[in-house]
Amino acid sequence: MTQPVTLSTAGSIAVIEINNPPVNALSQAVRQGLLDAVVQADADAAVTAIVILGAGRSFPAGADIKEFGQPMQDPHLPDVIDRIESCSKPVVAALHGTALGGGFEIALGSHYRIAVPSARVGLPEIHLGLIPGAGGTQRLPRLCGAAMALDIMFKGTPIRAQDALAAGLIDRLAEGDLRQAALIYAAELQTPRRTREATSGLADKAAFEAALTDAKETARSRMRGQMAPLKIVECLRACITQPFADGRLFERDCFFECLASEQSKGMIHAFFAQRASAKVPEASRAEPRPLNRLGVVGGGTMGAGITVAALNSGLPVTMIERDHDSLARGRANVEQVYDRLIAKGRMSEAQKSDIMARYQGSTQFADLSEVDMVIEAVFERLDVKRAVFEQLDKVLKPDAVLASNTSYIDIDEISSATNRREHVLGLHFFSPANIMKLLEIVVPQSAADDVVATGFALAKILGKIPVRAGNSPGFIGNRILGKYGDCAAHMMEDGATPYEIDSAIVEFGYPMGLHAMYDLAGLDIGWDNRKAAQGKRNPAERYVEIADRICERGWFGQKTGRGFYLYPDGARIGAPDPEIFILIEAERAKKSITARRFTDEEIMARYLAAMVNEACEVLREGVALKPSDIDVTFVHGYGFPRYRGGPMNYADSYGLARMLDDIRRYGQHDPIFWQASPLLIELVASGQTFNDLNKG
Ligand code: T1G
Ligand code: NAD
């Protein structure tokens, strides 16, 4: 078995190489190997300096996240790093790939840092509900001050080597081979330089304090309810008020507090769920087809967003619209995104024209004859979509992939308009498509494996988080949204206001409430869908008409200045609308419903029970392959708070038996709506959890 850490010498320089693929995570074996190697090299009189580097694609990308949740084994990383820092000989960390978390903390504990220009460094622990726990909160501010340190730890996004150099976090950029450059650098060095003794970043106390105050406000306003950001602020306060050793111990306590929290468990679950959602049977059975040129039909809200996402990823795009006016609007929708970035100083005119050089617009479907994939985003009407697919069938090359961005329509009803059904799938983006990370890849039975694999390949190119969904009405996300949306409508008709429901949802951790989200997406989409489903609805099932009444008035949300909320003068945040209260009261009166009070707790219990119960049906029917795919869908597409891991992870912590009891209790008043899913009943009976299903 290959040793995860090797020690060799090049002349008088000791080289410690970490080799634990794929990202050199700092597992127990790596920590032990590293400690042993450092002690040995430090004790070796022939050694004048030490270089630490990573084999393969990267310097260590952090602690081994897979070890979290198990008892922490010795040696602990902070102790290993303290030993590196106390070496009597200069230690150089040689960085490439992504030196993140504990990996960057090793670099900060080393005396000197050299990196290839493509390297990136960062402390992304906040994305796992954690704080840097191996000295990062104490060493980083000593080098770059509080403001930059907080920026790095709060954003959690890696910074480029050049920027790290400019901030004094890296001492040199390596030209050519990193190992060679590091050996040359190490040979020049005489003495250790311990970061724990650095003071440059602590000098300006007023600036430090000001940064802490701002950070506290940011934590409260933009990371509402999250523990880790506040703990980071406390650790930086310790950094400037206590000796290094005490600050480091304080950091350790805060780290373990975060590690034990439900929030961290939720975010670690989300980390692995996101990686698991990309592993689908089709992609393991077939290679994707070439994807060098994209076509997009429709330049409206979604077509333009998809075009921007593709252009941003480097793909050339041909957009097709019905007529020249619509095409001009489509191009304007695309350019508007870049013009806003230019206005904010985040893009230059030159960069915009480089990107737009890969854009082509046309009203002729024949101009799609060379594309590898087409994504259709025209009106949500079956007849319009079928007409488009008939034309695509005539002009596309034989191995092109055809995709629809439909929100609800059966993919089979679209693909049957062609003679190449096996080349058709659904690619359901979320608005705004150039921002939202989720991509629901809808797999009809007729789709060929390599077509599905190509959908997942596109997700990787666009930097999207893919989830495989079966071809069932509303797929995973919108189907489940339909259910908890109905639950919210029931509560609204029974006495809760849309604003009370939204405030309970926001309190739970969502960025916005359900009715505010409806107003943002446009109430007309749901209305079109309800009208289309009218004939198919079970007459015995409860139907709330409040939203229909609103739409009948032409109130479609933000785009019409009012919906559930009022948006005076184009406001982006809505205000409660007195007319909505009157409208709801009238609907209650029609059904002789006496309004009653709903607590936030009851609102969320019903809301989440409806969500999870329908999610069980989605699982039972195989529309989703595993519960964690549903978690990924709601965290990255519907605003479910990431620190709760997703609805299925949340349900496991809430207790499936308790949720089943809730559903059965609600079912006493509405047995049709609240039919407990047989899968939920089975899991409770067998004492299993959704996480057991994830493990397969
Ligand atoms: N531990 C264990 N496995 C990891 C891992 C880690 N830190 N990072 C990645 N993997 C696995 C991942 O699950 C996947 O496995 C494979 O590696 C490739 O990853 C003390 C406490 C490095 C930017 O948060 O951000 O240090 O699916 O598909 O898109 O203060 O992975 O193939 O089986 O994501 O090229 C802090 C997390 C830890 C970095 C590469 N570090 N990783 O992205 O590949 S906490 C992080 C990433 C910490 C200290 C604290 C990304 C990446 P599989 P991938 P990628
Ligand atoms: P939109 O009305 O903003 O844009 C539709 C565009 O399609 C219009 O510009 C129209 O000119 C064009 N078009 C219509 N018929 C055409 C044809 N035959 N050939 C070429 N272009 C044609 O609609 P949208 O919101 O972008 O929705 C498009 C699709 O995406 C729908 O299926 C919708 O359900 C789905 N979707 C919408 C959202 C959302 O939040 N808006 C989210 C996900 C999916």
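The values are calculated or read from the model by the stated rules, or taken from the named source; none is laboratory data. All figures in this text were calculated on a predicted structure; none of them were measured in a lab. Backbone-built Cβ (ideal geometry, glycine too); neighbour counts: all protein chains shown. Remember, those area values only see protein heavy atoms, side chains included, never the ligands or the DNA or RNA. Shrake-Rupley method; radii C 1.70, N 1.55, O 1.52, S 1.80 Å.
Counting charges near Glu440 (Lys, Arg +1; Asp, Glu -1) among other residues having Cβ under 13 Å from its Cβ returns a value of +3. Taking amide H atoms as placed 1.01 Å from N in the peptide plane, the amide H of Ser58 has no partner under 5 Å among residues 5 or more positions away or on other chains. Cross-link pairs exceeding 25 Å in C-alpha to C-alpha distance, out of Lys536/Lys591; Lys531/Lys559; Lys464/Lys536, comprise Lys464/Lys536.
Once R0 is set to 45 Å, what does the formula 1/(1 + (r/R0)^6) return for the Cβ-Cβ distance between Arg596 and Phe272, expressed as a FRET efficiency to the nearest 0.05?
Details: r = 42 Å, r/R0 = 0.93.
According to the calculation, E is roughly 0.60.
Relative contact order of the chain, taken over Cα pairs closer than 8 Å and 6 or more residues apart, is 9 percent.
Remark: the range 386-515 projects, on average over all directions, an area of 9.3 nm² (convex hull of Cα atoms). Taking R0 as 22 Å, what's the FRET efficiency between Asp692 and Glu67 from their Cβ-Cβ distance, rounded to 0.05? Once rounded, the FRET efficiency stands at 0.60. Across the range 181-224, Cα-Cα pairs farther apart than 16 Å form 64% of the total.
Heavy-atom surface analysis with a 1.4 Å probe gives the chain a carbon and sulfur content of 53 percent of its accessible area. The length gained on full extension between Glu552 and Asp323, counted as 0.36 nm times the residue separation minus their Cα-Cα distance, comes to 79.5 nm. Computed extension length for Leu230-Ala343: 37.4 nm, one decimal, from 0.36 nm per residue of separation with the Cα-Cα distance subtracted.
Filter Lys66/Lys279; Lys155/Lys483; Lys460/Lys626 down to the pairs with a C-alpha to C-alpha distance above 24 Å, please. Beyond 24 Å between Cα atoms: Lys155/Lys483. The alpha carbons of the chain stretch over 88, 59, 53 Å along the principal axes, in descending order. Express the relative contact order of the range 54-152 as a whole percentage, based on alpha carbon pairs under 8 Å and six or more residues apart in sequence. Here the relative contact order equals 28 percent. In this structure the amide hydrogen of Val442, modeled in the peptide plane, comes within under 5 Å of the amide hydrogens of Gly426, Leu427, His428, Ala469, none closer than 5 places in sequence on its chain.
Taking amide H as placed 1.01 Å from N in the peptide plane, Ser27 has its amide H under 5 Å from the amide H of Asp64, each at least 5 places away in sequence or on another chain. Where the centroid of each part is defined by its Cα atoms, how far is the range 218-290 from the range 429-465 in Å? Answer, in whole Å: 27. The local environment of Arg542, defined by Cβ-Cβ distances under 11 Å, has a net charge of -4 under the rule Lys, Arg +1 and Asp, Glu -1.
Of the three principal axes defined by the Cα atoms of the range 613-696, the extents in descending order read 34, 26, 24 Å. Measuring between their Cα centroids, the range 546-583 and the range 78-150 lie 50 Å from each other.
Could you tell me which of rounded, prolate or oblate describes the range 648-696, using a ≥ b ≥ c as the square roots of the eigenvalues of the alpha-carbon gyration tensor, with rounded for a/c under 1.5 and, failing that, prolate when a/b is larger than b/c and oblate otherwise? Before the final figure, lay out the partial values.
Values: a/c = 2.53, a/b = 2.03, b/c = 1.25.
Verdict is prolate for the range 648-696.
From the alpha carbon centroid of the range 500-537 to that of the range 350-403 is 30 Å.
Please say if the range 138-274 is rounded, prolate or oblate, where rounded means a/c under 1.5 for a ≥ b ≥ c the square roots of the C-alpha gyration tensor eigenvalues, and otherwise the choice is prolate for a/b larger than b/c and oblate otherwise?
On the way: a/c = 1.93, a/b = 1.44, b/c = 1.34.
Taking the square roots of the gyration eigenvalues as a ≥ b ≥ c, the range 138-274 is prolate.
Sum up the charges of everything whose Cβ sits under 11 Å from the Cβ of Ser8, counting Lys and Arg as +1 and Asp and Glu as -1, but leave Ser8 out. Walk me through the numbers before you get to the answer.
Details: positive: Arg179; negative: Glu17.
For residues surrounding Ser8, the net value is 0.
Given a Förster distance of 35 angstrom, what is the FRET efficiency for Asp412 paired with Ala357, based on the Cβ-Cβ distance and rounded to 0.05?
Working: r = 38 Å, r/R0 = 1.09.
With R0 = 35 Å, the Cβ-Cβ based efficiency is 0.35.
Distance between the pseudo-spin-label points of Glu217 and Ile582 (7 Å out from Cα toward the beta carbon): 4.0 nm. Note that the range 199-213 has calculated 3J(HN,Hα) couplings of 10, 4, x, 9, 4, 8, 4, 5, 5, 4, 4, 4, 5, 5, 4 Hz, one per residue in order, obtained from phi through the Karplus relation 6.51 cos²θ - 1.76 cosθ + 1.60 (θ = phi - 60°); glycine and proline are x. Rounded to the nearest 10 degrees, the angle from helix 656-667 to the longest Cα principal axis of the chain is 20 degrees. Extension gain, Ala203 to Arg285: 0.36 nm times the residue separation minus the Cα-Cα distance gives 23.6 nm. On the principal axes of its alpha-carbon atoms, the range 159-239 has extents of 47, 25, 19 Å, going from largest to smallest. Here, the range 59-99 is characterised by an Rg to Rh ratio of 1.04, where Rg is the alpha-carbon radius of gyration and Rh the Kirkwood radius. Taking the longest Cα principal axis of the chain as reference, the axis of helix 262-276 is set at about 80 degrees.
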